[in-house]
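Presented below is the structure to which this report refers.
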Amino acid sequence: MEKLGEILRASREFCLTISYNPGYQSVLKDLKQSTRQRFIALEFDYPSEELERKIVMTESHISQEIAEKLVKFARMTRNLKGNGLDEGASTRLLVHAAKLIQSNVHPVTACRSAVAQALTDDPEMITAVNELSASLF
């Protein structure tokens, strides 16, 4: 057991990772500038269309045709960011929709349940997102 006052040394394998989404933080939860400066920042964007399609197919076992439509649908919702939606459909939401479709839920219903209602509570925006999925399916 180490004595008090000795320095604790991390093993070479030690790694610390934190996740911080500044857009979702409230005034009470925002990191202080001095704390933020102690970390490097990595910004993540959505995967490429090809990679996203592969992810949806792999995770849900859905056909390529349906996966392509879901990815196109997601891209359409992402264009609404800042125009009524705080964010567009994530790859995770697409996988949820694809799994519903794979279990014989109609694609429009799957997109409404797994995507539209997960993105917003605003009735007009839900209608708009539902219209996007109906245009593809």
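Computed from the coordinates by the stated procedures, all read-outs in this text should not be read as laboratory data. All values reported here derive from a predicted model rather than from experimental measurement. We place every Cβ from the backbone using ideal geometry, glycine too, and count neighbours over all the protein chains shown.
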* Asked: Which one of these does LEU119 not meet: (1) touching a strand residue (DSSP E or B) at 6+ places or on another chain (Cβ under 9 Å); (2) surrounded by fewer than 18 Cβ atoms within 10 Å (Cβ to Cβ); (3) not hydroxyl-bearing (Ser, Thr, Tyr)?
  -> (2)
* **Flag if ALA128 is closer than 23 Å to PRO47 by Cβ, among the small types (Gly, Ala, Ser) and surrounded by 15 or more Cβ atoms within 10 Å (Cβ to Cβ)** => no
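What helices (runs of 4 or more DSSP H) completely inside the range 71-137 contain at least 3 residues that are out of contact with any Phe, Trp or Tyr (no Cβ under 7 Å at 6 or more places or on another chain)?
Numbers: elements: 91-102, 107-111, 123-136.
The helices (runs of 4 or more DSSP H) meeting that bar are 91-102, 123-136.
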* **Candidate set from the range 60-98 (those that are within 25 Å of GLU124 (Cβ to Cβ) and small (Gly, Ala, Ser)); member that is surrounded by the fewest Cβ atoms within 10 Å (Cβ to Cβ)** => GLY82
* Tally, over the range 39-92, of residues that are touching a Lys or Arg at 6+ places or on another chain (Cβ under 8 Å) and farther than 24 Å from ASN104 by Cβ -> 4
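Just name the residue that is surrounded by the most Cβ atoms within 10 Å (Cβ to Cβ) out of those in the range 45-59 that are over 16 Å from the mean Cα position of the chain (by Cα) and of a type outside the set (Val, Ile, Thr). I'd like the intermediate steps shown before the answer.
Initially, the range 45-59 is screened for residues over 16 Å from the mean Cα position of the chain (by Cα), giving 50, 57-58.
Restricting the remaining residues to those that are of a type outside the set (Val, Ile, Thr) gives 50, 57.
Numbers: GLU50: 10, MET57: 19.
So the residue we want is MET57.
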